[in-house]
Amino acid sequence: MIAVIADDLSGAAEIAGIALRFKLTVEIAFVVNNNTTADLLIISTDTRSMDAVAAIKTTNAIVLDIIKLKPNFIYKKIDSVLRGHVLAEIKAQLAICKNKGALIVPANPSMGRTIVNGHYYIQDVPIHLTGFANDPEFAVNNSLVKTFLHEENDAIGICNLADGIPLNGIAIAEAASMFDMNAWAKLAIDCPLLLAGAGDFFQAILLEKYVETKIINNNDITIDENTNQLLVVGTNFANRVKDIKIISEQTELVVYMLDAIFATDQIDMVEIQKWSSEIVSKINAGGFAIMAIKSNPSISVNPKILREKMAIAVKMITNQIHLSKIFIEGGSTAAAIITALDIHQLLPVIELKRGVIAMDVPAKMPLQIIIKPGSYPWPDSQFDSLISKSASV
């Protein structure tokens, strides 16, 4: 068995999708399942949305439980742009697992995310000049990758393939291509280091152990008007904010969070019920609705509380109608909704596109949840026909 500790639910889902290509059985859980029979057990900790103290405490508990299962190896899945408490969690895991050091390979060249000469680029653009500069919790203000870890006094090394892997300490690997990624995996596969990174590094590691099976992705999720489906947009990534704004101008599918809910950190259940009822009415009319937040730069809001409000609203919606599918953008939002719905296990069934994973909910069948990171795109045809139809009405 392989174990993965993921700091975010969308990252856990991405890893699951990669594993499906290798025909591995996969389980995503939120606490360690001692009775799992899966080839790959992924624990989603949601530590990225916690403070550092809580993240370390959670990491300690999960690592202690995982090592009791005696997995073949443990992979630490982190955000590809190093958001969260990456260094603190890696240090906590090192202290328990007694590795001599850690190799962090966060780049995702297949997604245009590269590290060259110590700097991070998105499609060849320095990361601080992209939408990641406006992240409400982990804003990026320069492209020097060592500064992403928020502990500049630590002796964090930057290594490249010419230098090889340091056999102790913590180092971040440069990678500009999938060739580089595969080379790192060959060097790392039998080394005594803790291996941490994003999806591309995990895929490269699996390629060293298994033969990849190319699965033809089902790039179109059918929106069946005879069932009830909801898209929850929990990301403020600039491109998605623009996309949803365009959809709201062309259709009546989008139901934005009410101002009375958004403008305060207080949780007003009456106002949230009004919002959820409006969404239910929209779904009853056409089988589909989009829940979103219309951000207001002039109002300072707590993103964690916003996620909690969205999760409460989704719970209220499911109390009124049965949803067959819930599409969720943003791992922290997905985690909040999963918690509100009292879901403890997800079984990934298909990778629709890199990072876009459909998962069955065994305890609430026939509910299916489809998750993707906020900065990743949906499949090209996603929702297009429904939105076009709605716009023409």
Could you list, in sequence order, the residues of region 21-41 that are touching a residue at least 24 places away in the same chain (Cβ under 8 Å) and closer than 16 Å to I67 by Cα? A29, F30, V31, V32, N33, N34, T36, A38, D39, L40, L41
Segments classed as strands (runs of 3 or more DSSP E), wholly inside region 319-362, with at least 1 members that are among the basic types (K, R) and more than 19 Å from G11 (Cβ to Cβ): 325-329
On the basis of being within 27 Å of V361 (Cα to Cα) and under 20 Å from the mean Cα position of the chain (by Cα), does A3 make the cut? yes
Filter pass, I158 being part of a helix (DSSP H, G or I) and of a type in the set (V, I, T): no
For V116: the one exception among (1) within 29 Å of I28 (Cβ to Cβ); (2) touching a residue at least 40 places away in the same chain (Cβ under 8 Å): (1)
Scanning region 131-143 residue by residue, those over 19 Å from S49 (Cβ atoms) and surrounded by fewer than 17 Cβ atoms within 10 Å (Cβ to Cβ) turn out to be A133, N141, N142
Here are some residues: V26, V31. Which one is of a type in the set (A, V, I, L, M), surrounded by fewer than 18 Cβ atoms within 10 Å (Cβ to Cβ) and over 29 Å from N160 (Cα atoms)? V31
Counting only residues in region 350-393 that are more than 17 Å from V232 (Cβ to Cβ) and in contact with a Leu (Cβ under 8 Å, 6 or more places away or on another chain), the one modelled with the lowest pLDDT is identified as S390
Taking the conditions exactly as written (within 22 Å of D243 (Cα to Cα), touching an Asp or Glu at 6+ places or on another chain (Cβ under 9 Å) and assigned to a helix (DSSP H, G or I)), does K282 satisfy them or not? yes
So which pairs qualify, if the first residue must be in region 157-177 and farther than 20 Å from L144 by Cβ and in contact (Cβ under 8 Å) with a residue 60 or more places away in the chain, the second must be β-branched (V, I, T) and not in a loop (DSSP other than H, G, I, E, B), the Cβ gap must be under 8 Å, and the two must be at least 6 apart or on different chains? S177/T114
Quick one: is I156 surrounded by 21 or more Cβ atoms within 10 Å (Cβ to Cβ), in the same structural domain as L87 (by TED's automatic domain parsing) and out of contact with any Asp or Glu (no Cβ under 9 Å at 6 or more places or on another chain)? no
Keeping to region 179-199, report how many residues are within 18 Å of I78 (Cα to Cα) and either in a strand (DSSP E or B) or touching a Pro at 6+ places or on another chain (Cβ under 8 Å) (or both). 6
Residue pairs qualifying under the 6 Å Cβ cut-off, at least six apart or on distinct chains, with the first in region 63-89 being crowded, with 21+ Cβ neighbours inside 10 Å and the second being among the basic types (K, R) and not in a loop (DSSP other than H, G, I, E, B), are S80/R113; G84/R48
Which one is farthest from S375 (Cα to Cα) among residues in region 109-138 that are under 19 Å from the mean Cα position of the chain (by Cα) and among the charged types (D, E, K, R)? E137
Residue in region 98-110 that is surrounded by fewer than 16 Cβ atoms within 10 Å (Cβ to Cβ) and within 21 Å of A185 (Cβ to Cβ) present: yes
Regarding A3, is this residue modelled with pLDDT of 95 or more, touching a Pro at 6+ places or on another chain (Cβ under 8 Å) and buried (at least 21 other Cβ atoms within 10 Å of the Cβ)? yes
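The values are calculated or read from the model by the stated rules, or taken from the named source; none is laboratory data. Nothing here was measured: the structure is a model prediction, and the numbers come from that model. A quick note on method: Cβ atoms are made from the backbone with ideal geometry, for glycine too, and the neighbour counts reach across all protein chains shown.
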